[in-house]
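Reading through the structure tokens given below for one structure.
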Amino acid sequence: MTKWYRENAPISAKDFMDELMRLKRGSVSRRHFLGVTGLGLATAVMARQPGVFNSVAHAEDLGSTMSIATWPNYHDPATFENFTAKTGVAVEVNVFGSNEEMLAKLQAGGTGWDLFVPTNYTISTYSKLGLIDPLDLSKVPNFDPKTQNTRFTAEGTVDGTVYAVPKNWGTTGIAFNSSKMKSKVTSWKEFFELAATEADGRAMVHDYQLTTIGNALVSLGYSFNSIKPDELAKAEEVLIKVKPHLYAINSDYQPSMRATDAWMTMCWTNDGAQLNRDMPEIQFLLGADGGEIWSDFYAIPKSAANKAAGYALLNFLMDPANAVKEHIANGAPTTDSRVMALLPAEITGNKIVYPDEASLTPLEFGAAVTLTDPSRAELMARFKSA
Amino acid sequence: MPLATTTKRNLVTTALLLPSAVWLFIFLVLPFIAMVVFSFGERAPEGGYLPTFTLAQYANLPARAAAYWNTLMLAPVGAFLCLLVAYPAAYYLAVKADPRYRLMLVSLVVVPFWTSLLVRTYAWMYILGSRGIPNLLSMIGIEDVRLLNTPGAVLLGIVYGYLPLMIMPIYVSLEKLDRRLLEASADLGAKPVSTFFSVTLPLSLPGVMTGVALVTILLLGEYLIPQLLGGGKVFFIGNALVDLFLQSRNWPFGSAIAVTLVAVVVVILMVAMRIAWRISGTRQVDLV
């Protein structure tokens, strides 16, 4: 188990007794005791249950539960526990594999989400379909547009209205296990060549049209976002040719990479940072020929049942003191200069998380049209059924 | 019996059946009608459903021919493999096992079924992955064995996942077997093997047919096991449906595939019933 995992693990019986004896001896404060043992959190949750304890009235009623939809391995679990301890609102976390899946759920209705984490290219579609609310920034005093790097945050604003505020940005690069592979994988062209040769049966691509088709396009020298039929046809050839050599088509690649079942995969920054932190032989590189740059946002669905709690959690997450812990756990780079200033040097100096400006130059932001384009969806289906 | 009493009884029966009829209508018939309606529509530009009347979705079905082919191949092969493993197990449970332990053995078959298939499939991912069996094999010098994300892993997962559904109906039909028939067969000079083939097996066929139909129908919609144990490289109708509803958000096309799948299931059920009738020589066979 990693150090990071232990930090968030529940307290053991022995540690609990140690802490209890320290409290009795007076060497720790009651607040510290409640904090490390989780009893403070438990009390806060219990306090929200009517009839169990008398609950304290809030200025605005936040309810007792809320729900957030987000990505795998994307948050410090302690963040939500701290929020619950502070407000008494328990956070239910729904994990998703793709923006399309989130959009499908929102279109079908009745998601119950009070906050969710869409990616840059989806926000204009969400606002066009009337699925998200414009944000009332007066309810998010911890968000400061002046400290944001607008290069990554511009797409949260549609026609001058702010619909979403940024969580973090990142890239889609290549992770490979250098103890298993002799070659260094420096481009998407090499990725697809090595997938059929040195990493035969050991390479993974995402179960996600945007990145899998996008990176195949990039390997041919085309735009990541192309929807030109002839370019898509050539990308399809690349994918179908490599398919028999693939280990899997799956966006949840961390377990296979950690078990060394897979040696090479398409990989998002935060996963790359997490893998490299725990297994230094897994390296993360950006395609010299291009690829994707992205930012993820927080937005509030129009259908949210508990908007008050949605705003409360959003404001909590925008507090740099909380955001910095999220960034350390999640590993993706921040858009907020206040958070950047709080991050330890080993993170801001990590080339996976904060790559050179030059390596970012060939990357492209995903375009809204790729999300809704049916020809890319059909190409993906042909690739998977080939 | 006076007519009035009969009518009254019928009314009571109808009233008692009403809740389940309403339940069936709301949760089975209505969604199916919605699906049929969707299947004649068009995909909205941003995804979802646009009401029109077109047969384009049905005309487009060949675009998922590979998914249909894979599914129609997998379902019978998977059901047959299940049967191969299940029949001896059910035979042992019903005929050979000590009656004192029978209940315990039967529950051992059923208990794993109470756990989510997802969790059990993840367990297989670990067992088949590098840290599982291949790791043990490498200790005795067999290197680089690949088990996970292979067609074999998918078949193993399917046999494991659906086995109780095959064992139980066969067990039930073997349990009802009249032992005196076996004795009669022996008295008439048949060896155990020919008793099995001419008495036991034919009498258990209704159970076999039920099991095969049950597993085949469920396999037609399977998507989890190929995704997790096959690495998402083999595409079944279940996977096509998940993609169409959740990824490309093409509800009409997804609905057309789902409606066609239901039609295939109905045909399979009807054929299975016919075969069961023919074998048992009666129309009293209850399937599923």
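Coordinate-derived values only; no laboratory data. What you are looking at is a predicted structure, and each value in this text was computed from that prediction instead of being measured. Neighbour counts are summed over all protein chains in view; Cβ atoms, including those assigned to glycine, are modelled from backbone coordinates with ideal geometry.
Quick look at the numbers
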read-out: Efficiency of FRET from Cβ geometry, A:LYS180 and B:ASN135, R₀ 25 Å, rounded to 0.05; value: 0.95
read-out: Top positive-direction residue, dipole computed over segment B:58-163 with Cβ charges, set B:ALA75, B:LEU163, B:GLY152; value: B:LEU163
read-out: Partner chain coverage, peptide B:12-18 - average Cβ within 10 angstrom; value: 0
read-out: Within 10 Å of each Cβ in A:373-380, the average number of Cβ atoms from other chains; value: 4
read-out: Sites B:THR5 and B:TRP277, calculated FRET efficiency, Cβ-Cβ separation with R0 51 Å, nearest 0.05; value: 0.90
read-out: Reach of A:LYS307 by Cα under 12 Å, taken over aspartates and glutamates that are not fewer than 8 positions away in the same chain; value: A:GLU60, A:ASP61, A:ASP114, A:ASP133, A:ASP136
read-out: Degrees separating the helix A:209-219 axis from the principal Cα axis of chain A, which is the longest one; value: 40 degrees
read-out: Kyte-Doolittle mean at least 1.6, axial Cα span of 24 Å or more - DSSP H helices of chain B; value: B:201-220, B:251-280
read-out: Angle between chain A longest axis and helix A:77-87 axis [Cα atoms, degrees, rounded to 10]; value: 40 degrees
read-out: Over 30 Å between alpha carbons, listed pairs A:LYS139/A:LYS325; B:LYS96/B:LYS233; A:LYS182/A:LYS228; A:LYS105/A:LYS184; value: B:LYS96/B:LYS233; A:LYS182/A:LYS228; A:LYS105/A:LYS184
read-out: Label-point separation in nm, A:ASP18 to B:TRP23, each point 7 Å along Cα→Cβ; value: 5.3 nm
read-out: Likely footprinting exposure, B:MET35, B:MET168, A:MET264, B:MET104, fewest C-beta neighbours within 10 Å first; value: B:MET104, B:MET35, B:MET168, A:MET264
read-out: Dipole of the protein assembly as shown, positive direction: furthest Cα of B:VAL85, A:ALA329, B:ALA34, with charges on the beta-carbon; value: B:VAL85
read-out: Between 0 and 90°, nearest 10: helix A:229-242 axis offset from chain A longest Cα axis; value: 80 degrees
read-out: All aspartates and glutamates inside 14 Å of A:LYS384 as judged from Cα atoms, apart from same-chain residues fewer than 8 positions distant; value: A:ASP207, A:GLU236, A:GLU237, B:ASP243
read-out: Other protein chain Cβ atoms within 10 Å, averaged over every residue that makes up A:246-256; value: 4
read-out: Likely footprinting exposure, B:ASP243, A:ASP278, fewest C-beta neighbours within 10 Å first; value: A:ASP278, B:ASP243
read-out: Cβ-placed point charges (K, R +1; D, E -1), dipole of the protein assembly as shown about Cα centre in debye, nearest 20; value: 2040 debye
read-out: Candidates B:ILE142, B:ILE133, B:ILE275: whichever shows maximal mean-square fluctuation once chain B is modelled as a Gaussian network with Cα springs under 10 Å; value: B:ILE142
read-out: Percent antiparallel among DSSP beta bridges (both partners in the protein assembly as shown, rounded to 5); value: 60 percent
read-out: Neighbour-count ranking [beta-carbon atoms within 10 angstrom, fewest first] of A:LEU62, B:LEU16, B:LEU229, B:LEU205; value: B:LEU16, B:LEU205, A:LEU62, B:LEU229
read-out: MRE, 222 nm, helices only [DSSP H, n ≥ 4, -39500 (n - 2.57), over the protein assembly as shown, to nearest 500]; value: -16500 deg cm²/dmol
read-out: Extension reserve of the B:VAL77-B:VAL242 stretch, reckoned as 0.36 nm per residue once the Cα distance is removed; value: 57.1 nm
